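The values are calculated or read from the model by the stated rules, or taken from the named source; none is laboratory data. Model, not experiment: these values are computed from the prediction. Cβ sites come from the backbone with ideal geometry, for glycine too, and all protein chains shown count toward neighbours. Quick note on the areas: whole protein, heavy atoms, side chains included, nothing else; ligands and nucleic acids left out. Shrake-Rupley method; radii C 1.70, N 1.55, O 1.52, S 1.80 Å.
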Amino acid sequence: MTALSPGQTIGILGDGQLGRMMAIAAAEIGYKTHIFGQDPESPASQVASEITLADYTDREALRKFARAVDAVTLEFENIPVETLDFLEPLVPVRPGRKVLEITQDRHLEKSFINSLGVPTAPFANVESSGELRDAIERIGTPAILKTRKFGYDGKGQVKITSATQIEQAWKDVGGQPCILEGFVPFELEISVIVARGIEGDIQAYTPVENRHKNHILDVTLAPANILTTVSNHALGLAGKIAENLDLVGLIAVEMFVAGDGDVLINELAPRPHNSGHWTIEACTTSQFRQSIRAAAGLKLGSTVHHSNAVMRNLIGDDVDHWEEILNHPEMSLHLYGKTEARPGRKMGHVTRLFPLNTPPKI
Ligand code: AMP
């Protein structure tokens with residue numbers, strides 16, 4: 001299998017800020033990008049070489065797209081599996097169908113993780129309010145009801161603290177297929193981003209701590225302040241998951257760390273991740289460049305970090321501070337080109353580096 005050469009084109013399914021930063025990273029190493037999305041003014045469309053505006057199920061558009069690119073990758077996981085089924089015979093798609101199918105459904109994802117002997121919170125599949133009642137009897141409260149598909153940033157989730165909330169909770173999730181998950185009294189949330197290359201080579205970034213506000217990532221501290229044994233354990237679990245997914249690309253593995261250092265997997269994302277934005281400034285190879293290397297069939301780059309870092313998201317009106325941030329000599333500002341700063345919308349992020357021997361501070 002030969003790698004793509006500079007000047008060839010990587011197709012990216014999805015047109016958000018992750019696609020934007022992937023396209024920028026691709027351009028840095030001489031590749032063109034072709035975004036398949038729906039918005040001509042999207043964050044990724046603004047920086048790509050080409051765009052196709054069409055629905056993910058538009059076969060004619062997909063056929064033309066496949067002809068125009070040399071490999072395809074994705075920047076979000078809610079692409080229909082049928083889209084990959086259609087593209088895969090026409091052009092290399094990395095990561096492929098198996099990874100997408102598993103990671104877009106919480107039940108398949110958690111079942112897969114447990115099948116590897118890797119722990120998650122206890123969970124049960126729920127397809128009716130009756131099944132929810134049975135699941136609560138088994139798992140107990142507090143618990144979280146999560147839609148199997150299309151959940152992000154806490155959307156499609158309801159916390160249940162008593163069996164009296166069953167009917168309301170089932171209504172709140174719109175009566176969709178769900179999982180009920182036991183509530184984990186975690187000490188810390190961390191994530192590990194791991195890449196796997198076309199030849200099976202694996203490279204992981206150091207585990208980072210993630211702090212959320214209103215269910216949205218607020219701050220990432222790199223590295224996480226955890227014992228080396230916990231860090232190595234987390235890296236081992238992420239590597240095992242990447243290998244067993246036959247991944248070619250990147251996955252972010254979100255984890256809960258309990259007070260006793262026990263690690264449980266929360267969820268997987270088969271793409272660059274918000275908790276990896278710090279790698280742009282702090283690592284030899286950023287997560288975006290790494291995802292492009294994997295998609296292009298290149299060997300992976302080193303994930304070593306030369307600095308510690310703090311990354312803060314700019315959500316909604318936070319973006320009004322852009323000038324202040326730009327005027328700070330040690331802050332690296334990234335804006336995603338979104339015009340409307342709606343509450344809860346990720347408008348950009350800012351990264352600050354610290355020496356390796358200094359713990360990252362907010
Ligand atoms: P998710 O969309 O599954 O990543 O959940 C969003 C956030 O909700 C997580 O980052 C946690 O802060 C919290 N959360 C999710 N699942 C659980 C759980 N089983 N126990 C405790 N907190 C959870």
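Worth pointing out:
- Complete set of residues in segment 88-106 that are more than 12 Å from Leu13 (Cβ to Cβ), part of a loop (DSSP other than H, G, I, E, B) and in contact with a Pro (Cβ under 9 Å, 6 or more places away or on another chain): Gln104, Asp105
- For segment 6-41, residues that are touching a Leu at 6+ places or on another chain (Cβ under 7 Å) and open to solvent by 30 Å² or more (accessible area, probe 1.4 Å) total 2.
- Flag for Thr220 being within 14 Å of the ligand (Cβ to nearest atom), under 19 Å from His305 (Cα atoms) and either over 17 Å from the mean Cα position of the chain (by Cα) or buried (at least 18 other Cβ atoms within 10 Å of the Cβ) (or both): yes
- Selection of segment 286-326 for residues being surrounded by 18 or more Cβ atoms within 10 Å (Cβ to Cβ), β-branched (Val, Ile, Thr) and out of contact with any Lys or Arg (no Cβ under 7 Å at 6 or more places or on another chain) yields Ile292, Thr303, Val319, Ile325.
- Subset of segment 107-129 [assigned to a strand (DSSP E or B), closer than 10 Å to Arg148 by Cα and aliphatic (A, V, I, L, M)]: Val126
- In summary, Arg211 fulfils each of the numbered conditions (1) in a strand (DSSP E or B); (2) more than 10 Å from the ligand (Cβ to nearest atom); (3) out of contact with any His (no Cβ under 8 Å at 6 or more places or on another chain); (4) open to solvent by 10 Å² or more (accessible area, probe 1.4 Å) with the single exception of condition (2).
- Listed conditions (1) surrounded by fewer than 20 Cβ atoms within 10 Å (Cβ to Cβ); (2) among the aliphatic types (A, V, I, L, M); (3) under 23 Å from the mean Cα position of the chain (by Cα) are all met by Val350, apart from (1).
- Counting only strands (runs of 3 or more DSSP E) wholly contained in segment 222-321, no element carries 1 or more residues that are at pLDDT below 95.
- Top-ranked residue of segment 195-217 - restricted to ones that are within 15 Å of the chain's Cα centre (by Cα) and aliphatic (A, V, I, L, M), ranked as nearest to Lys361 (Cα to Cα): Val208
- Residue tally, condition touching a Phe, Trp or Tyr at 6+ places or on another chain (Cβ under 7 Å) and either in a loop (DSSP other than H, G, I, E, B) or surrounded by 20 or more Cβ atoms within 10 Å (Cβ to Cβ) (or both), over segment 55-87: 6
- Residues of segment 325-362 satisfying the condition of being assigned to a loop (DSSP other than H, G, I, E, B), assigned by TED's automatic domain parsing to the domain that holds Lys213 and in contact (Cβ under 8 Å) with a residue 60 or more places away in the chain: Tyr336, Gly337, Lys338, Thr339, Gly344
- The residues of segment 183-203 that are touching a strand residue (DSSP E or B) at 6+ places or on another chain (Cβ under 9 Å), open to solvent by 10 Å² or more (accessible area, probe 1.4 Å) and either small (Gly, Ala, Ser) or more than 11 Å from the ligand (Cβ to nearest atom) (or both), listed by number, are Glu187, Arg196, Asp201, Ile202, Gln203.
- Of the set (1) crowded, with 16+ Cβ neighbours inside 10 Å; (2) of a type in the set (S, T, N, Q); (3) without any contact (Cβ under 8 Å) to a residue 24 or more places away in the chain, all apply to Ser115 but (1).
- Residue-level analysis places Leu132 among those that are open to solvent by less than 40 Å² (accessible area, probe 1.4 Å), under 24 Å from Ile166 (Cα atoms) and within 16 Å of the ligand (Cβ to nearest atom).
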